[in-house]
Number of protein chains: 2
Amino acid sequence: MMFEALRKYINQYTSSEISEGAFDTVSKSFTPKHLLKRQFLLQAGDVCKYTAFIVKGAMRQYSLVNGVENIVYFGIENWWMSDRESFTMLTPSQFNIDALEDCDLLLITHDKVQLLKESVPQWNKMAAQMDHRHSIAMQKRIHDAISLTAEDRFLNLIKSNPEFMQRFPQNMIASYLGITPESLSRIRKKLAKK
Amino acid sequence: MMFEALRKYINQYTSSEISEGAFDTVSKSFTPKHLLKRQFLLQAGDVCKYTAFIVKGAMRQYSLVNGVENIVYFGIENWWMSDRESFTMLTPSQFNIDALEDCDLLLITHDKVQLLKESVPQWNKMAAQMDHRHSIAMQKRIHDAISLTAEDRFLNLIKSNPEFMQRFPQNMIASYLGITPESLSRIRKKLAKK
């Protein structure tokens, strides 16, 4: 059942049906993992050994600088979580990745990702799509950060990911936007009056 | 001569010597282009048809929102410039790319990039490295934007790209950092006193 979510994902992003044989190779490359709320997939200082496909639940990637949490990414169902730098270069990560809800995950190592790229063309196609979408999302985030006010960034987030508002506490939304919880509270009060 | 810079780049990022035959295939896929200061490689609304390898000169990618320029990237010698989203999806770009100095460029289309990936393994290796480094640089920029003060972002930029300070005017540095020229001026005065 956990693997069905992955099959659906691959079919969706390649606009085709993956064969049973190919999907068998793919699914054998993953290990299922259940993570309880507050448990870690990655702790800063460790190498990020796995990329996780989120079947169920929610996660975040964040750094801890002078006691302040800086949330770089949230992840929910059908998203992938990993520190790409640490995962690819096998260097210690500066980030933590933990579960914000109980999570059902499918884990894969870097070696297995490379093997699948070479042996399953449909995986390769999906991985290219994934990298591409990730790259576009990051560019958008950089552009928003340098060009928009905190209020407009908040409004954009409500529009692009309304589910975040229900699932994540306000202090985490503030961290993701790069503002203090107090600033976010002021922005929300201002918007409520409009 | 222009192509020698590209050969050196490929050898450097693959830690090997590309064969004459393979480099011949690579160099035939590029078109040399001279761009004068203030000329455009890409104008917002157009599709980004080319990725440019900068042999000489400096460029920037920026959006224009309500008359304000937001600089997402600078590019100098040995960097690649393109709006990746528009280049890959062939959709109209929201960005401009122009020359900040007279530039010697090598241009390549998306079709040719794909062909090289399939036919020249060393190109494929270099492209993967390039994507990976780009992805790490973007993640760092996002993390800096949400976690650092404007002063620390400025200090980081001086450290990572000291050449930017000589080559680009202060108002552009401010735009790249996502702050007003007045804020950058205040930060510089404060730092000068230390």
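Would you be able to say whether some residue in the range A:2-11 is in a strand (DSSP E or B), at pLDDT 95 or above and surrounded by 14 or more Cβ atoms within 10 Å (Cβ to Cβ)? The answer is no; no qualifying residue exists. Here A:Phe40 clears all of (1) touching a residue at least 12 places away in the same chain (Cβ under 8 Å); (2) away from chain B (no Cβ under 14 Å); (3) surrounded by fewer than 22 Cβ atoms within 10 Å (Cβ to Cβ); (4) over 25 Å from A:Gly178 (Cα atoms) except the condition numbered (4). Pairs meeting the criteria (first residue in the range A:161-183 and in contact (Cβ under 8 Å) with a residue 12 or more places away in the chain and more than 14 Å from every other protein chain (Cβ to nearest Cβ), second residue surrounded by 14 or more Cβ atoms within 10 Å (Cβ to Cβ) and aromatic (Phe, Trp, Tyr), beta carbons under 9 Å, at least 6 apart or on different chains) are A:Asn161/A:Phe74; A:Phe164/A:Phe74; A:Phe164/A:Tyr176; A:Arg167/A:Phe74; A:Phe168/A:Phe74; A:Phe168/A:Tyr176. Here A:Ile146, A:Ile76, A:Ile71, A:Ile108 are screened, and the one residue that is free of Cβ contacts under 8 Å to residues at least 60 places away in the same chain and aliphatic (A, V, I, L, M) is A:Ile146.
Of all residues in the range B:69-106, those satisfying the criterion of being among the hydrophobic types (A, V, I, L, M, F, W, C) and either surrounded by fewer than 18 Cβ atoms within 10 Å (Cβ to Cβ) or out of contact with any Lys or Arg (no Cβ under 9 Å at 6 or more places or on another chain) (or both) are B:Trp79, B:Trp80, B:Met89, B:Leu90, B:Phe95.
Could you name every one of the strands (runs of 3 or more DSSP E) located completely within the range B:59-130 that has at least 2 residues being touching a strand residue (DSSP E or B) at 6+ places or on another chain (Cβ under 7 Å) and within 12 Å of another protein chain (Cβ to nearest Cβ)? Spell out the reasoning first.
Numbers: elements: B:59-65, B:68-75, B:96-99, B:103-109.
Those strands (runs of 3 or more DSSP E) span B:59-65, B:68-75.
The residues of the range A:142-194 include none that are on the phi > 0 side of the Ramachandran plot and surrounded by fewer than 17 Cβ atoms within 10 Å (Cβ to Cβ).
The values are calculated or read from the model by the stated rules, or taken from the named source; none is laboratory data. Being a predicted model, the structure only gives us computed values, none of them experimental. With ideal geometry, Cβ positions are generated from the backbone for all residues, glycine too; neighbour counts draw on all protein chains shown.
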